[in-house]
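Please treat every number below as a calculation from the coordinates, not as lab data. Everything quoted here is computed from the prediction, not taken from an experiment. Cβ: placed from backbone, ideal geometry, glycine included. Neighbour counts: every protein chain shown.
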Amino acid sequence: MASQTAFEQEVARLIVDSLNLEDIAPEDIEPEDALFREGLGLDSIDALELALAISRAYGVQIRSDDENNRQIFASLRALSAHIEANRAAS
Amino acid sequence: MSRAWFQQQERGSPLALRIILWVALNLGRRASRALLYPITAYFLLFAPRSRHHSRRYLRRVLGREPGLGDLARHLHCFAAVTLDRVFFLAGRDDRLDVRVHHREVFLRHVESGRGAILLGAHLGSFEALRALAVGKHDFPVRVLMYPNHNEGITRLLESLNPDVAAAVIPLGRTETLIQARECLDRGELVATLGDRVAESDKMVACRFLGDTALFPQGPLLLAAVLKVPVILCFGLYRGGNRYDIVFEPFAETIEAPRGQRDEALAQWVQRYADRLESRVREAPYNWFNFYDFWDEGARRGETDQ
């Protein structure tokens with residue numbers, strides 16, 4: 001199993017907490033696995049709630065018209081990288 | 001499965017549709033309405049599946065065995081409303097007598113700037129609302145719907161009015177509801193239909209017309225997550241050239257915290273089903289779900305026919 005970086009651990013916890021995923025522990029999320037559909041099985045309402053949680057926690061807006069969404073939502077690793085690259089300098 | 005509508009093939013060849021469209025646009029509503037009689041007869045004779053589901057539904061709502069006249073009236077109503085979509089979308093609805101009831105409910109939410117969800121059903125004409133609100137009056141209304149269902153007819157009709165087509169938020173993508181949120185954040189109203197379950201929907205079993213049927217949780221879940229109000233909207237066809245568009249306040253806020261979400265939402269979805277039932281009883285021939293809505297086939301071990 002590939003290991004999560006410290007920031008990925010934080011994002012994994014945000015995913016599990018904000019989506020109330022009962023059967024999954026943050027450390028169980030494989031960094032490279034798909035989050036949506038066949039992977040963790042998240043759907044459009046999960047995407048919305050995750051986007052709201054990311055906006056609250058990091059001030060990063062995920063826009064529906066961003067052409068990179070497929071890539072951003074592809075995996076924990078990709079999502080974490082996107083947040084890190086775009087988060088408000090604090 | 002009551003999701004059967006999803007796989008259902010649209011009836012009527014593209015050529016027949018084009019002919020009807022041509023007659024409607026060139027010869028007008030009266031001439032094209034003459035075509036409704038052969039169309040109804042065609043469905044009555046050659047669409048056993050629609051006829052079968054119409055009969056089962058009418059038996060429930062009328063509380064008696066429906067006669068051939070009831071079936072014909074139901075199919076004729078569907079054909080008439082479908083034809084009128086042409087006139088609504090082409091902006092040629094001046095001959096139609098459309099009365100709006102409780103317009104203030106709608107306007108209050110347009111003006112509030114908070115956004116709202118406009119929830120309808122496959123009852124009568126949602127097109128009446130869509131075309132008048134978006135095409136004619138330019139109200140900020142977006143429509144959340146599946147893009148490919150009934151592809152032929154929808155594409156043909158939407159080509160009549162690009163503004164209306166452009167107001168669609170297509171369901172089925174990961175970012176669909178993020179887009180819906182952006183619209184609501186701008187104070188727009190997002191219209192959708194709450195009576196059909198699609199493949200990926202979470203479902204709620206509700207009492208509806210005396211039996212259990214599945215309804216999607218999605219529209220009210222969206223309202224709960226985004227804390228926006230919900231209003232109901234139905235475009236009821238009364239026969240002749242008469243339509244009544246009715247708005248109803250439904251919920252100012254829906255509380256459904258994660259953890260108790262399913263229980264909380266089940267009550268709201270049941271409330272929607274109750275309101276829908278009351279409108280269905282008021283306009284029984286406006287019900288356009290010609291498939292196994294109550295899952296009777298599955299429960300009896302039949303294959304959906």
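At-a-glance table
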| item | result |
| --- | --- |
| Separation in nanometres of the label points that stand 7 Å from Cα toward Cβ, at A:Ala6 and B:Glu263 | 4.1 nm |
| Kyte-Doolittle at least -1.0, axis length at least 18 Å by Cα - qualifying DSSP helices, chain B | B:14-34, B:68-89 |
| Chain lengthening between B:Ser278 and B:Arg99 when straightened (0.36 nm per residue, less Cα-Cα) | 62.5 nm |
| FRET efficiency, 1/(1 + (r/R0)^6) with R0 56 Å, evaluated for A:Asn86 and B:Arg207 via beta carbons | 0.75 |
| Where N is the number of residues in region B:185-305, Cα Rg divided by 2.2 N^0.38 Å | 1.15 |
| Gyration tensor (alpha-carbon) shape descriptor, the protein assembly as shown, a/c threshold 1.5 | prolate |
| Per-residue mean of C-beta atoms belonging to partner chains within 10 Å, peptide A:57-65 | 3 |
| Cα-centred dipole magnitude for region B:217-305, charges only on beta-carbon of K, R (+1) and D, E (-1), debye, nearest 20 | 260 debye |
| Cα centroid separation, region A:1-72 to region B:12-79 (Å) | 48 Å |
| Peptide A:33-46 - average C-beta neighbours from other chains (10 Å radius) | 3 |
| Prolate/oblate/rounded call for region B:2-299, Cα gyration tensor, a/c under 1.5 rounded | oblate |
| Estimated FRET transfer efficiency when R0 is 56 angstrom, pair B:Leu25-A:Arg13 (beta carbons, to 0.05) | 0.45 |
| Footprinting exposure proxy for B:Trp268, B:Trp287 (fewest neighbouring C-beta atoms within 10 Å first) | B:Trp268, B:Trp287 |
| Using a Förster distance of 56 Å, the FRET efficiency for B:Ala16-B:Glu252 (Cβ separation, nearest 0.05) | 0.75 |
| Assigned charges on the beta-carbon of Lys, Arg, Asp, Glu; chain B dipole about Cα centre (debye) | 720 debye |
| Label point distance in nm, B:Glu199-B:Asp163, each placed 7 Å from Cα along Cα→Cβ | 3.5 nm |
| Assigned charges on the beta-carbon of Lys, Arg, Asp, Glu; the protein assembly as shown dipole about Cα centre (debye) | 2300 debye |
| Value at 222 nm in deg cm²/dmol, rounded to 500, when DSSP H runs of n ≥ 4 in chain B each add -39,500 (n - 2.57) | -14500 deg cm²/dmol |
| Taking B:Glu282, B:Glu188, B:Glu199 and counting other C-beta atoms within 10 Å, the order from fewest to most | B:Glu199, B:Glu282, B:Glu188 |
